[in-house]
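The values are calculated or read from the model by the stated rules, or taken from the named source; none is laboratory data. What you see is a predicted model, and the numbers here were worked out from it, not measured in a lab. In this analysis, Cβ positions are derived from the backbone assuming ideal geometry, glycine residues included, and neighbour counts consider all displayed protein chains.
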Amino acid sequence: MRQLTLRQQEFERQTARQLQVDAAGLAVLNHLITEGTATPTELARRLEVSTAAMTLVIDRLEAAGHVNRSRHPSDRRKVVITPADHTVAMAYNQAGPLIRGVTDLADALTPEEQAAVTSFLERVVAVYDRSTAQGREQRSGAQPARAI
């Protein structure tokens, strides 16, 4: 797991270098590409940063040509942020071989192996979720939920 985490971090650094963005910019682009267009306030909330910090990140991404601001379709007081087509293409070009490689590995597993790997990874995700929720509660001063 440690080696997988290290490889994922290196992949993210490499992608950020290729797109010429910092880690915060990469997080915003990743969110926009995977989840779709969002307002700056939605992005700030989802990525757990202040709206002021998000504005700075969006300004840098817009100046670099990675995102576009446009009027919200139903609320003209708001703007929406959309990733630029060429940035989406660059991101998919970078991630495509990794996605295809992992998909090929998963497809080569027997149904029993797929079930075992899926079960293991679901439990790993649950551990991360519990750890993340606990950290979030500690930062907010809330008491962590106790297991029964």
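Go through V88, V49, V57 for me and flag whichever is touching a residue at least 12 places away in the same chain (Cβ under 8 Å) and outside any helix (DSSP H, G or I). Full working, then the answer.
On the way: V88 fails: outside any helix (DSSP H, G or I); V57 fails: outside any helix (DSSP H, G or I).
Every option except V49 fails the conditions.
Test of understanding: among T55, T39, T51, which residue is assigned by TED's automatic domain parsing to the domain that holds K78 and touching a Ser or Thr at 6+ places or on another chain (Cβ under 9 Å)? I'd like the intermediate steps shown before the answer.
Working: T55 fails: touching a Ser or Thr at 6+ places or on another chain (Cβ under 9 Å); T39 fails: touching a Ser or Thr at 6+ places or on another chain (Cβ under 9 Å).
Result: T51 is the single residue among T55, T39, T51 that is assigned by TED's automatic domain parsing to the domain that holds K78 and touching a Ser or Thr at 6+ places or on another chain (Cβ under 9 Å).
Does the stretch 106-114 contain any residue that is β-branched (V, I, T) and assigned to a loop (DSSP other than H, G, I, E, B)?
Here is the first cut: in the stretch 106-114, the ones β-branched (V, I, T) are 110.
The next check asks that each one be assigned to a loop (DSSP other than H, G, I, E, B); those that pass are 110.
Scanning the stretch 106-114, I find at least one residue that is β-branched (V, I, T) and assigned to a loop (DSSP other than H, G, I, E, B), so the answer is yes.
The conditions are (1) in contact with a Leu (Cβ under 7 Å, 6 or more places away or on another chain); (2) closer than 18 Å to M90 by Cβ, and Q20 fails exactly one of them. Which is it?
The failed condition is (1).
Is it fair to say E10 is part of a helix (DSSP H, G or I), in the same structural domain as A95 (by TED's automatic domain parsing), among the acidic types (D, E) and surrounded by 13 or more Cβ atoms within 10 Å (Cβ to Cβ)? Let's see the steps before the verdict.
Values: part of a helix (DSSP H, G or I): yes; in the same structural domain as A95 (by TED's automatic domain parsing): yes; among the acidic types (D, E): yes; surrounded by 13 or more Cβ atoms within 10 Å (Cβ to Cβ): no.
No: the conditions fail for E10.
What number of residues within the stretch 73-108 satisfy the criterion of being of a type in the set (G, A, S) and exposed (fewer than 10 other Cβ atoms within 10 Å of the Cβ)? Can you show your working first?
Applying the first criterion (of a type in the set (G, A, S)) to the stretch 73-108 yields 74, 84, 89, 91, 95-96, 101, 106, 108.
If we keep only those that are exposed (fewer than 10 other Cβ atoms within 10 Å of the Cβ) as well, we get 74, 108.
Residues that pass the stated criteria total 2.
Quick one: would you say T82 is at negative phi and part of a helix (DSSP H, G or I)? If you could, list the steps in order and put the result at the bottom.
Values: at negative phi: yes; part of a helix (DSSP H, G or I): no.
So T82 does not fit the description; no.
Looking only at the stretch 43-78, which residues are farther than 23 Å from E12 by Cα and under 19 Å from the mean Cα position of the chain (by Cα)? Lay out the reasoning, then the answer.
Just the residues of the stretch 43-78 that are farther than 23 Å from E12 by Cα, to begin with: 51-52, 69-78.
Result: T51, single match.
For the stretch 24-38, enumerate the residues that are surrounded by 11 or more Cβ atoms within 10 Å (Cβ to Cβ) and in a helix (DSSP H, G or I). Let's see the steps before the verdict.
Step one: list which residues in the stretch 24-38 are surrounded by 11 or more Cβ atoms within 10 Å (Cβ to Cβ), which gives 24-33, 35, 37-38.
Within the stretch 24-38, A24, G25, L26, A27, V28, L29, N30, H31, L32, I33, E35 qualify.
Output the number of the condition that P111 fails; it satisfies all remaining conditions of (1) at pLDDT 95 or above; (2) surrounded by 10 or more Cβ atoms within 10 Å (Cβ to Cβ).
With (1) at pLDDT 95 or above; (2) surrounded by 10 or more Cβ atoms within 10 Å (Cβ to Cβ) applied to P111, the lone miss is (2).
Which of the residues spanning the stretch 42-66 are among the acidic types (D, E) and surrounded by 14 or more Cβ atoms within 10 Å (Cβ to Cβ)? Quick ask: steps written out before the conclusion?
Step one: list which residues in the stretch 42-66 are among the acidic types (D, E), which gives 42, 48, 59, 62.
The answer is E42, E62.
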